[in-house]
1. Going by the structure shown, is Arg127 basic (Lys, Arg) and under 28 Å from Gly175 (Cβ atoms)?
2. Do we find that Ile180 is open to solvent by less than 30 Å² (accessible area, probe 1.4 Å), β-branched (Val, Ile, Thr) and farther than 26 Å from Gln46 by Cα in this structure?
3. Going by what's in this entry, would Arg22 be described as charged (D, E, K, R), closer than 30 Å to Glu138 by Cβ and open to solvent by 30 Å² or more (accessible area, probe 1.4 Å)?
4. Restricting attention to segment 158-196, which residues are of a type in the set (Lys, Arg) and assigned to a loop (DSSP other than H, G, I, E, B)?
5. Can you tell me how many residues in segment 89-105 are touching a helix residue (DSSP H, G or I) at 6+ places or on another chain (Cβ under 6 Å) and open to solvent by 20 Å² or more (accessible area, probe 1.4 Å)?
6. If Arg29 satisfies every condition in (1) of a type outside the set (Asp, Glu); (2) loosely packed, with under 12 Cβ neighbours inside 10 Å; (3) within 19 Å of Thr166 (Cβ to Cβ) but one, which is the exception?
7. For segment 106-139, which positions are open to solvent by 30 Å² or more (accessible area, probe 1.4 Å), of a type in the set (S, T, N, Q) and either touching a residue at least 40 places away in the same chain (Cβ under 8 Å) or assigned to a helix (DSSP H, G or I) (or both)?
Amino acid sequence: MNFLDKIRKLYMDNENISIYIRDNPSFCRQHNISNSDAIALSYDIQAGSYVKGFYENYARSIQLNGFIAEVMARNGVFDHFKNFNCTPTICDLGTGEGTNFISFLNAVRQEYDLNFASYGMDISLSRLDVAESFVSIEGDCKAPKFFLGDLTALPLTDNSIDICTTVGSVEANRGSESKILKEITRVAKEYIVFTEAIYETSDKK
């Protein structure tokens, strides 16, 4: 069975592809594929699932991203940039299909009257393609510029982004946390906002 057929079968069987890749390093070596490329291909196969999940849990998604914006506002993040009368840069790292990021940007524009020069990065080209379509439907903000990249080696210069955000991106790369955190702190100029899973209160799925 070739690599893509195996990944597709895992997906159809509702298996966690990332865990399979992590626990079977010989699988990638056998097919001469790096771990990063394997993860990218597994996400490509799943493209569209985040948008589906967004609409299936619409109220929760809106509430979550509104809450993130509220916490940032409460801690003076938005006022900080308003005082400088500038357009801050923001980059969502591991943005997937942009579902959380667009919802967040909409909330900030509507509730706090702030617009960003926004960017979204992901390792999956297929998911970024979905993100482009999603923002054209749901975006109430200036569309982010999307680009390909790996969290463990960000294609960004030092101190180049005012605010770096993640939603579930670090947690999904278990074992690479140190590399990812080092990269994010390298490129972040002012703030980093992590929104990550809490195992103690989450269900098995």
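1. For Arg127, the condition - basic (Lys, Arg) and under 28 Å from Gly175 (Cβ atoms) - is met.
2. Numbers: open to solvent by less than 30 Å² (accessible area, probe 1.4 Å): yes; β-branched (Val, Ile, Thr): yes; farther than 26 Å from Gln46 by Cα: no.
No.
3. Spelling it out, it is not the case that Arg22 is charged (D, E, K, R), closer than 30 Å to Glu138 by Cβ and open to solvent by 30 Å² or more (accessible area, probe 1.4 Å).
4. Within segment 158-196, the first condition is being of a type in the set (Lys, Arg), and the residues that meet it are 174, 179, 182, 186, 189.
Listed by number, the list holds a single entry, Arg174.
5. 1
6. (3)
7. Gln110, Ser126, Ser133, Ser136
The values are calculated or read from the model by the stated rules, or taken from the named source; none is laboratory data. Please read these numbers as outputs of a predicted model, since none were measured by experiment. FYI the Cβ positions are ideal-geometry reconstructions off the backbone, even for glycines, and counts take in every protein chain you see. Side chains are part of the model used for accessible areas, which takes the heavy atoms of the whole protein and leaves out ligands, DNA and RNA. Shrake-Rupley method; radii C 1.70, N 1.55, O 1.52, S 1.80 Å.
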